[in-house]
1. Within segment 223-237, is even one residue open to solvent by less than 10 Å² (accessible area, probe 1.4 Å), among the aromatic types (Phe, Trp, Tyr) and in contact (Cβ under 8 Å) with a residue 24 or more places away in the chain?
2. Checking Ala169 against (1) in contact with a Pro (Cβ under 9 Å, 6 or more places away or on another chain); (2) under 28 Å from Leu63 (Cβ atoms), only one condition comes out false. Which one?
3. Which of the residues belonging to segment 187-203 are in a helix (DSSP H, G or I) and either more than 19 Å from Asn135 (Cβ to Cβ) or open to solvent by 10 Å² or more (accessible area, probe 1.4 Å) (or both)?
4. Going by what's in this entry, would Gly60 be described as within 19 Å of the chain's Cα centre (by Cα), open to solvent by 30 Å² or more (accessible area, probe 1.4 Å) and touching a residue at least 60 places away in the same chain (Cβ under 8 Å)?
5. Examine segment 77-85 for a residue that is open to solvent by 20 Å² or more (accessible area, probe 1.4 Å), in contact with a Cys (Cβ under 9 Å, 6 or more places away or on another chain), on the phi < 0 side of the Ramachandran plot and not hydrophobic (A, V, I, L, M, F, W, C), and state whether such a residue exists.
6. Would you call Leu167 closer than 20 Å to Asp234 by Cβ, touching a residue at least 40 places away in the same chain (Cβ under 8 Å) and either open to solvent by 30 Å² or more (accessible area, probe 1.4 Å) or touching a Gly at 6+ places or on another chain (Cβ under 8 Å) (or both)?
7. The conditions are (1) touching a residue at least 24 places away in the same chain (Cβ under 8 Å); (2) in a strand (DSSP E or B); (3) over 26 Å from Gly10 (Cβ atoms), and Arg119 fails exactly one of them. Which is it?
8. If you scan segment 31-48, which residues turn out to be charged (D, E, K, R) and either part of a strand (DSSP E or B) or open to solvent by less than 30 Å² (accessible area, probe 1.4 Å) (or both)?
Amino acid sequence: MSEIRVWVDGQVVDMNAPTLRALDHGVTVGDGAFETCKIVDGKAFALTRHFRRLGRTLDGLGLPQVDEAHVREGIEAVLSGDPIPFGRVRITVTGGLGPLSSDRTDSPATVIVAATPSRPHKPSAAVITVPWVRNERGATAGLKTTSYAENVIAISRAISQGAEEALMANTRDELCEGTASNVFVVTDGVLRTPPLESGCLAGITRELAIEWGRAAGLEVVEETLPFSVLETADEVIISNSSRDVQGVHVVDGRQLAAPGPITQKLVDVWRQAERDLGMDP
């Protein structure tokens, strides 16, 4: 494992040092929120948008808002020193000290910031579909919470089958999202992605891809799609903060050209907009 720089509640700590209380609610019941930002040349990408979404998740969980300036101190602490050329910085906020049950105390939150170098993803990925679904009516639908066990199971299935990501439907058998990505498809020359009402996460990369794609003249439609569209789509794209927008060359063994022409246009638009608008678009 690469060296991970860690800051917890105001202090830089060794990545292997015990720093969380045994009864932290993030440990006992997964009560918390998180954000993961791309690092480019030692700087975190799209922080303003990530803080905005972190606030929405904390609201949705009923947790107090965190002091953004305090969290930014943690980000600066883990990004200081030798610049990380490419990687990830993760902000985690838990419910703090809690009982051995789902109810909470009035403990202050635990705030963790961690940064690690990583390698950019390849131009395309292999994905599978899995039988488990997102509950678009669930209490945490659309929130980026630390309760990730469903994703661990699904991504483990994908890796065991030689894929990098697992795609899921919602309870209505509509296309929803991946374990750690949003999904786009191309049909009839149009770039389409599930609406937030599907239960998918409001991905920062998804948001920017829609904005930048439309500004560049691409037809990008948010619409309800049957899960079966993955069996016939001309192109499939997955997106998240470390992948940006990435073509898919295999879905459940079905080969696709990747990156396809629309995918390549979106990739080009993304790269140009990122250069023009900088690290906090």
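The values are calculated or read from the model by the stated rules, or taken from the named source; none is laboratory data. Just so it is clear, the model here is predicted, and its values are computed rather than measured. Neighbour counts run over all protein chains shown; Cβ positions are idealised from the backbone, glycine included. Surface accessibility is based on the protein's heavy atoms, side chains included, excluding ligands, DNA and RNA. Shrake-Rupley method; radii C 1.70, N 1.55, O 1.52, S 1.80 Å.
1. No: segment 223-237 contains no residue that is open to solvent by less than 10 Å² (accessible area, probe 1.4 Å), among the aromatic types (Phe, Trp, Tyr) and in contact (Cβ under 8 Å) with a residue 24 or more places away in the chain.
2. Every condition holds for Ala169 apart from (2).
3. Taking segment 187-203 and keeping what is in a helix (DSSP H, G or I), we get 196-198.
Once the filter is applied, which keeps residues that are in a helix (DSSP H, G or I) and either more than 19 Å from Asn135 (Cβ to Cβ) or open to solvent by 10 Å² or more (accessible area, probe 1.4 Å) (or both), segment 187-203 yields Leu196, Glu197.
4. Numbers: within 19 Å of the chain's Cα centre (by Cα): yes; open to solvent by 30 Å² or more (accessible area, probe 1.4 Å): yes; touching a residue at least 60 places away in the same chain (Cβ under 8 Å): yes.
Yes: the conditions hold for Gly60.
5. The initial filter retains those residues of segment 77-85 that are open to solvent by 20 Å² or more (accessible area, probe 1.4 Å), namely 77, 79-83, 85.
When the remaining residues are screened for being in contact with a Cys (Cβ under 9 Å, 6 or more places away or on another chain), the result is none.
For segment 77-85, residues open to solvent by 20 Å² or more (accessible area, probe 1.4 Å), in contact with a Cys (Cβ under 9 Å, 6 or more places away or on another chain), on the phi < 0 side of the Ramachandran plot and not hydrophobic (A, V, I, L, M, F, W, C): absent.
6. Working: closer than 20 Å to Asp234 by Cβ: yes; touching a residue at least 40 places away in the same chain (Cβ under 8 Å): yes; either open to solvent by 30 Å² or more (accessible area, probe 1.4 Å) or touching a Gly at 6+ places or on another chain (Cβ under 8 Å) (or both): yes.
Answer is yes for this residue.
7. (2)
8. So the first thing to find is which residues in segment 31-48 are charged (D, E, K, R), and the list is 31, 35, 38, 41, 43.
Once the filter is applied, which keeps residues that are charged (D, E, K, R) and either part of a strand (DSSP E or B) or open to solvent by less than 30 Å² (accessible area, probe 1.4 Å) (or both), segment 31-48 yields Asp31, Glu35, Lys38, Lys43.
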